[in-house]
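What follows is one structure encoded as structure tokens, with my remarks underneath.
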Amino acid sequence: VLSSTEEVVELYRELSQHPGLSAACLGPDITTQYGGKYCSLYTEWSQRDLARAENVKFCRQYLIFHDGASVIYSGPAGTCSEIKDELLSRESPSGALKAVLRKVPSKEKEKEKEKQFLEVWDQNRKVKSIDLTALDKHGSVYDDDQFGCLAWSHSETHLLYVAEKKRPKAESFFQSKAPELGASDEDAGHPKKEDAPLKGEQFVYREDWGEALSTRSVPVLCVLDVEGSSVSVLEGIPEHLSPGQAFWSPGDTGVVFVGWWHEPFRLGLRHCTNRRSALFYVDLTGGRCELLSEDTRAVWSPRLSPDRCRIVYLENDTLGPHQQCSRLRMYDWYTKHTSTVLEAVPRQAWGTFPGIYCGALPGLCWAADSRRLVLDTAQRSQQDVFVVDTVMGTATSLTADAPQGSWSVLTIDRDLLVARFSTPNCPPTLKVAILPDAGREAQARWVCLQDAPPVPGISWGIRTLRPPPEQENPQYGGLDFDAILLRPSEGPAAQKPPLVVMPHGGPHSVFTAGWMLYPAALCRVGFAVLLVNYRGSLGFGQDSVASLPGNVGTQDVHDVQLCVERVLQEESLDAGRVALVGGSHGGFLACHLLGQFPDTYHACVVRNPVVNIASMVAATDIPDWCLTETGLPYTPDALPDPAQWTEMLCKSPMRYVDRVHAPVLLMLGEDDRRVPPKQGLEYYRALKARGVPTRLLWYPGNNHALAGVEAEADGFMNTALWLLKHLR
């Protein structure tokens, strides 16, 4: 086990430099004079810069020579370069133009701290640079992946994006005005009626969309006419909807968008694929708005086929678990018929399609035949790429014979498929393949374009567990679950390392066998790390998801404990040195385990933990979560009820705080809207009052994820040093 702080600092500095691969875009095919074809591949990466305490983005280009059936040669074209201040970018359908939304720091005398520009580039220069802030048609442009979009019309003459609705100026009732120079008496001090500031509106509360979307309130769809450099805000969208994820309809006659209901009030939207929403079409000439999907479900990620005839999208039931097994639906533009391509999968049989559990479909996901599409999804504790035949309703793995780990689709264009691959000891790598013909999908051959050397000293494996009969869920019997174990494979620590147990948050999320900085770094420090995908995790079928609500604090806790006891029996690990690390629902489980099994654990680190569901319900952006996971129905008009509060408290870690004696380190994000920091403070005070050694780290400017470069780095160092100190 590493001993000095300096060694841990150097280790983190080294491992945190591995870049993440965030996006890819294929250029048009170019035919050489010898008849061969090649295209360029543009990729975007992000990397932590500890010296600047920020994430930096950089791009790198590659060339791919192919004959339409296989990749003949591929390699990098030049080195990488940093991308500054780009918020969104999108190539036009032909590849001839590129649109960029850029933030530009303001000059000293200007009111706004920064301005937003929409740029259009052709092959060799910037042809348009439009100051959206000066045009003042709307507020800030959305660059998030919830509402945000930047979409070219098929004709490449217009751009579509989402922005905050312009707010009327407001002023005090007692605002004094200087009469304007050169104005006649009649209009002195009387500005034009439509620009007149409103009195009494200065402090009106504006709802927002919660965690990580706190600057998003009323989105509007906006269109830029590229030639005329003019911006218009689309009319015709019903008042009760918030639009986003928009694109141009076939023929550019209008816009297709997802609309989220915001009445009676907005709930947190990030990671919540269960909010009532539907697919709509708004006609540009008449402003008529038409419903394209059912209006009682939750839908997202609409994608138009290359022949512009079909739109696929993902669909969930509303309310219930925030993440679940989704349906893949398809709308035919010309027949107006909607069909279900893939249903939710109740149970995954080994080796069969697990169902769809993904936050979004790839931006470009259709094959050239407009019949098949590609997506990635969790399959138990891995993530794999599948091709879906929308006519047959079948899904076939494209990574079944490829190495085990975590695969993600970045893009597909003209059947050239670009993916990211990583494992717990191998940082992200860039892979390409040509999508085989229908029926031959299993023959996909992956070629590595950008390798990452595996990190030495880490071995890993996946194990499957079945709960004992007394812990079976009476409604959903026979479910199993997984865990991923990382252990040091070199040095003295490899013989009998201490164990760090990490349950994931959510609770309906999953650890897939990909690159994760904290587990890898803890393993290199000298700890074995156990990542537990307890029942309720994604990737194991909808029954597993449905088994957990109403059983939090028992079923999930027992699954983790069973897993810990099993690996301590079967692996050479030091049972006298076991610690817990968890965030959000993982923190909820860590605090539960400390109190329910105090003799197993000797130290604990929690990040933004849920400790008391009853006190969280009135403060979080997702009150429905508190009721759903407790096993209670949620309605927006429900009032506090003593019996329900009792139920919430009984399922909370706070109930077991008297039995905790292991030292606890808490890390809280000051701006966390999901699990407000008051939760962690409540636990901190309870521990202090009972004389349990505890320390609290408070991170300003950080929300639920604690993902700021500085907070993440400081959090890792404090975690590692806390564990080293208390597992001596």
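Residues whose amide H lies under 5 Å from that of residue 514, counting only those 5 or more places away or on a different chain, are absent; hydrogens are built 1.01 Å from N in the peptide plane. Restricting the trypsin sites (Lys or Arg not before Pro) of segment 11-73 to loop positions (DSSP other than H, G, I, E, B) with no more than 14 neighbouring Cβ atoms within 10 Å leaves 52. From most to least packed by mean Cβ count within 10 Å, the peptides 255-261, 594-600 give 255-261, 594-600. Based on every Cα atom in the chain, Rg and the maximum pairwise Cα distance Dmax equal 26.8, 91 Å. For segment 596-667, what does the alpha-carbon gyration tensor say about shape, rounded, prolate or oblate, given a ≥ b ≥ c as the root eigenvalues, a/c under 1.5 as rounded, and a/b over b/c as prolate? Since a/c reaches 1.5 and a/b is larger than b/c, the shape of segment 596-667 is classed as prolate.
Per-residue Karplus couplings for segment 344-351, computed as 6.51 cos²θ - 1.76 cosθ + 1.60 with θ equal to phi - 60°, are listed in order as 5, 9, x, 9, 8, 7, 3, x Hz, Gly and Pro entered as x. Measuring nothing but how far apart in sequence close Cα pairs (under 8 Å, 6+ apart) lie, relative to its length, segment 446-493 scores a relative contact order of 45 percent. Straight-line cross-link reach from residue 678 at under 19 Å between alpha-carbon atoms covers these aspartates and glutamates, not counting any fewer than eight positions away in the same chain: 211, 621, 624, 670.
Projecting label points 7 angstrom from Cα along Cα→Cβ for residue 440 and residue 638 puts them 5.5 nm apart. At an R0 of 22 angstrom, the distance between the Cβ atoms of residue 175 and residue 204 translates into a FRET efficiency of 0.85. Here the label points at residue 79 and residue 466, each 7 Å from Cα along the C-beta direction, are separated by 5.7 nm in the simple model.
The GluC sites (Glu not before Pro) of segment 103-139 that DSSP puts in a loop, and whose beta carbon has at most 14 other beta carbons within 10 Å, are 108, 110, 112.
Label-to-label distance for residue 681 and residue 34 is 7.0 nm, based on points extended 7 Å past Cα in the beta-carbon direction. Phi-derived couplings, Karplus 6.51 cos²θ - 1.76 cosθ + 1.60 at θ = phi - 60°, listed residue by residue for segment 691-699: x, 7, x, 8, 9, 10, 10, 10, 10 Hz, with x used for Gly and Pro. Beta bridges per DSSP, both residues in the chain: antiparallel share near 85 percent. Computed from the C-beta positions of residue 113 and residue 728 and an R0 of 45 Å, the FRET efficiency is 0.40 to the nearest 0.05.
Please compute the per residue accessible area over segment 367-461 with all protein chains in place, 1.4 Å probe, rounded to a whole number of Å².
Details: 3370 Å² over 95 residues.
Spelled out: the 1.4 Å probe surface of segment 367-461, per residue, equals 35 Å².
The portion of the accessible surface of segment 462-614 made up by carbon and sulfur, rounded to a whole percent, is 46 (1.4 Å probe; DNA, RNA and ligands excluded).
Remark: segment 579-728 projects, on average over all directions, an area of 8.6 nm² (convex hull of Cα atoms).
Distant-in-sequence amide contacts of residue 170, defined by a placed amide H-H separation under 5 Å and a gap of 5 or more residues or a different chain, comprise 198.
Segment 217-237 and segment 278-299 have Cα centres separated by 17 Å.
Once R0 is set to 22 Å, what does the formula 1/(1 + (r/R0)^6) return for the Cβ-Cβ distance between residue 55 and residue 718, expressed as a FRET efficiency to the nearest 0.05?
Step by step, r from the Cβ atoms, then E = 0.60.
Scalar couplings 3J(HN,Hα) for segment 290-301, obtained by applying the Karplus form with A = 6.51, B = -1.76, C = 1.60 to θ = phi - 60°, are 10, 7, 9, 10, 5, 10, 10, 10, 10, 10, 6, 6 Hz; x denotes Gly and Pro. Amide H to amide H, with H built 1.01 Å from N, residue 501 comes under 5 Å of 530, 579, 580, 581, counting only residues 5 or more places away or on other chains. If the chain linking residue 352 and residue 137 were pulled fully straight, counting 0.36 nm for each residue of separation and taking away their Cα-Cα distance, it would gain 72.3 nm. Give me the base-10 log of I(q)/I(0) for segment 314-393 at each q in 0.16, 0.24 Å⁻¹, Debye formula, one uniform scatterer per Cα, rounded to two decimals. With one equal scatterer per Cα and no solvent, log10 I(q)/I(0) is -0.64, -1.35.
In deg cm²/dmol and to the nearest 500, what is the mean residue ellipticity at 222 nm of the chain if only DSSP H runs of at least 4 residues count, each as -39500 (n - 2.57), divided by the residue total?
On the way: 11 runs with 108 residues, N = 728.
Dividing the helical sum by the residues of the chain leaves -4500 deg cm²/dmol.
Of the trypsin sites (Lys or Arg not before Pro) found in segment 431-534, those in coil by DSSP whose Cβ has at most 15 other Cβ atoms within 10 Å are 440, 445.
As a test, work out the antiparallel percent of DSSP beta bridges whose residues both lie in segment 486-597, rounded to the nearest 5.
10
With only alpha-carbon atoms in the gyration tensor, what are the semi-axes of the equivalent ellipsoid for segment 224-351, in Å, largest first?
Values: eigenvalues 153, 73, 31 Å².
Computed over segment 224-351, the values are 28, 19, 12 Å.
The Cβ shell under 13 Å around residue 145 holds other residues with a net charge of 0, Lys and Arg each +1, Asp and Glu each -1.
Can you pick out the pairs among 137/166; 84/111; 177/199; 37/57; 98/128; 128/165 whose Cα atoms lie more than 18 Å from each other?
84/111; 37/57; 128/165
The values are calculated or read from the model by the stated rules, or taken from the named source; none is laboratory data. Note that the structure is a prediction, hence the values are computed from the model and not measured. Every residue, glycine among them, receives a Cβ derived from its backbone with ideal geometry; neighbour counts consider all protein chains shown. When the accessible area is computed, the model is the full protein with side chains, heavy atoms only, and any ligands, DNA or RNA have been set aside. Shrake-Rupley method; radii C 1.70, N 1.55, O 1.52, S 1.80 Å.
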